[in-house]
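Student: Handing you a structure now.
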Amino acid sequence: MSTSTVVPPVRRYLPMLIELVWNGRINPGKVFDLTLPLDQVAEGYRAMDERRPIKTLLRPCGARVLERSHAGGGGAQPIC
């Protein structure tokens, strides 16, 4: 028995994907779907172990996050 890793051909598709994003034809969406303060790192790992978020972003306590609404407004919001 053996295993191998296959690397996807990202370079081949990247120019086409960038063009589609820039032209607004596709929306790549968010990479992180859960944001927590750094002091809740254990909860971030627990959530990912339970498959609740895909990626968790940890921020230092007191950091501010720029939230954008669908209307284009928004502002910096503290997360702690």
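Student: Out of the residues in the range 63-80 that are assigned to a loop (DSSP other than H, G, I, E, B) and hydrophobic (A, V, I, L, M, F, W, C), which is modelled with the lowest pLDDT?
Tutor: Selected residue: ALA71.
Student: Same structure, new question: Looking only at residues that are in a helix (DSSP H, G or I) and among the aliphatic types (A, V, I, L, M) in the range 20-44, which one is nearest to CYS61 (Cα to Cα)?
Tutor: Within the range 20-44, the match that is nearest to CYS61 (Cα to Cα) is LEU38.
Student: Separate question: Looking at the range 2-53, which of its residues are small (Gly, Ala, Ser) and surrounded by 10 or more Cβ atoms within 10 Å (Cβ to Cβ)?
Tutor: Across the range 2-53, the qualifying residues are GLY44, ALA47.
Student: Within 13 Å of LYS55 (Cβ to Cβ) and part of a loop (DSSP other than H, G, I, E, B) - does that describe any residue in the range 6-19?
Tutor: No: the range 6-19 contains no residue that is within 13 Å of LYS55 (Cβ to Cβ) and part of a loop (DSSP other than H, G, I, E, B).
Student: A further question follows. Search the range 18-30 for residues that are among the β-branched types (Val, Ile, Thr) and pair each with any residue that is part of a helix (DSSP H, G or I) when their beta-carbon atoms are under 6 Å apart and the residues are at least 6 apart or on different chains.
Tutor: ILE26/LEU20
Student: When the residues of the range 34-62 are filtered to those that are out of contact with any Pro (no Cβ under 9 Å at 6 or more places or on another chain) and basic (Lys, Arg), which remaining residue is modelled with the highest pLDDT?
Tutor: Selected residue: ARG46.
Student: Another question, if that's okay. Any idea how many residues of the range 12-33 are at pLDDT 85 or above, of a type in the set (D, E, K, R) and under 21 Å from the mean Cα position of the chain (by Cα)?
Tutor: 3
The values are calculated or read from the model by the stated rules, or taken from the named source; none is laboratory data. What you are looking at is a predicted structure, and each value in this text was computed from that prediction instead of being measured. A quick note on method: Cβ atoms are made from the backbone with ideal geometry, for glycine too, and the neighbour counts reach across all protein chains shown.
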